[in-house]
Each structure stands twice: as C-alpha cells, then as structure tokens.
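After the structure tokens below, expect a handful of questions from me.
The values are calculated or read from the model by the stated rules, or taken from the named source; none is laboratory data. Nothing here was measured: the structure is a model prediction, and the numbers come from that model. Methodologically, a virtual Cβ is constructed for each residue, glycine included, from the backbone with ideal geometry; neighbour enumeration extends over all protein chains shown. SASA here: full protein model, heavy atoms, side chains in, ligands and nucleic acids out. Shrake-Rupley method; radii C 1.70, N 1.55, O 1.52, S 1.80 Å.
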Amino acid sequence: MNLTQSAFSPCSSPSGPRPARSGAHPRSGSPASSRFMSALRRLLLALMLMCSGVLPAHAAEITISQASIEAGDEGYRLSLAYSFELNRGLEDALSRGVPLYFTTEVQMTRRRWYWFDETSVSATRTVRLSYNVLTRQYHTAISGQLQQSFPSLEDAMALIRRPPRWIIADNNTLKSGDAYSVGVRMRLDVAQLPKPFQVNALNNSDWRLSSDWIEFTYKPE
C-alpha cells in the first residue's frame, strides 16, 4: 500500500403470424428493427466497457492510501490515511443535523501450520462527524477522546482522512519475529445512526460508503 439483458418475445396477432417471404428483412423504420439496433448498441457499449476495464460493478468509494504499524513504548500504533469525498446526499444529511459515523476495523492474524490461523488483534475505532446548525461548526469525536470543532467541513474531513495514530495492541500481544497478516478497512457505519434513519440509509445507495479490505504483512522485532 476497496449489461442489461433484453428478452424478445414473439408478437402474435389473433389471426396468427404471417409467414415471412423468403429473403425478407425488417424495414429500417420498423419497431423490430429499432429494438434490434438498440439491443446491439447496448451490447457493443458493454463490451467496450469490459475491455477498457471501467465497468462500474464494484468500485470502492474510500481508498486507503497509507497503512503502517509502528512499535513504541505504549504498544503498537496503526497509522492510516484515506482518500474520499462525501457525496451530495451525505452532505445534505449532515447539514440537517444527522451525524455520520466512520468505523475503522483492523485484524491481525498469525499463521499456524498445525491449526487454524490465530487472530491476535481484532479492534475497531469510530470517528463521529456532526454539524451544529446554531453555531455553524463541524465537530469530530474519536472514541474515547475529546471532541474537536472546525469552522468548515473540509477542515473536519482532514481529520477523518488522516486520523491520529491508534494503539491497537500492547507490547505483550505480538510475538517478536513472527509474521502477522494485517487487514484494514473503513466504512460508513449505518448501524450507529439514530433508529429512524437506519431504515432509510439501508435502502439508499448514498449511504453505502466503504473501502475494500487491504492486507499487508507486519513482523515485530
């Protein structure tokens, strides 16, 4: 270091279909010809998108641009940086006083040849972003830390995109010299929204904001 198929059913009239004359072709202005050309254009467009690699099937909206672990006196700290923007729907909800919750998940596993992999670390941290309509201030609060205020949304987003380093394990958790597989992702946590908003958020694509899981290897010394 996240085609549409058209079915054509034969049209029949009460008297039954007329047999086509040998060598007859649909006229260029007929409905059948228009449907055929439309389907052909959709097929060609889909093939072009597939070949160019830009078919928008599963694009991650949050990118984890940096992830690393550092050992210190207090334990192992995870450093992260994200790249993403809020869409219009989320900005509107925030401006109406609906808080947004961004949850980061991290897992560290150690391979064992004689049994299943051992999960050494499994932790989450949530950053809450809110807007006070009266003071016109944006606020961020990280779990277990004090709230911070910002005059603009961009200033508040800077903290979310590059949050403070986070102690995910103490010094006795990891074994020196062993290799650990680290998995990290961040997502907009709909489950922490006020209850009336959860149902709407689950059915609204604007609220499906998440990164892919990224993985890297860390070996403590």
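Which residues, counting only those in the stretch 72-84, are at pLDDT 95 or above and either open to solvent by 60 Å² or more (accessible area, probe 1.4 Å) or assigned to a loop (DSSP other than H, G, I, E, B) (or both)?
Correct list: 77, 83, 84.
Conditions: (1) out of contact with any Ser or Thr (no Cβ under 7 Å at 6 or more places or on another chain); (2) closer than 30 Å to residue 203 by Cα; (3) outside any loop (DSSP other than H, G, I, E, B); (4) open to solvent by 30 Å² or more (accessible area, probe 1.4 Å). Residue 97 meets all but one. Number of the miss?
Result: residue 97 fails condition (3) only.
Just give me the residues in the stretch 171-191 being charged (D, E, K, R) and touching a Gly at 6+ places or on another chain (Cβ under 9 Å), in sequence order.
None; the set is empty.
Which fully enclosed strands (runs of 3 or more DSSP E) of the stretch 102-206 have 3 or more residues being open to solvent by less than 70 Å² (accessible area, probe 1.4 Å)?
118-132, 137-142, 166-169, 180-188
Restricting the first residue to the stretch 149-168 and requiring it to be closer than 15 Å to residue 128 by Cα, which pairs with a second residue that is part of a helix (DSSP H, G or I) meet a Cβ separation below 9 Å and a spacing of at least six or different chains?
149/156; 150/156; 150/157; 150/158; 150/159; 153/91; 153/94; 153/95
Condition test on residue 134, is it farther than 18 Å from residue 75 by Cα and aliphatic (A, V, I, L, M)?
Taking the combined requirement at face value, the residue satisfies it.
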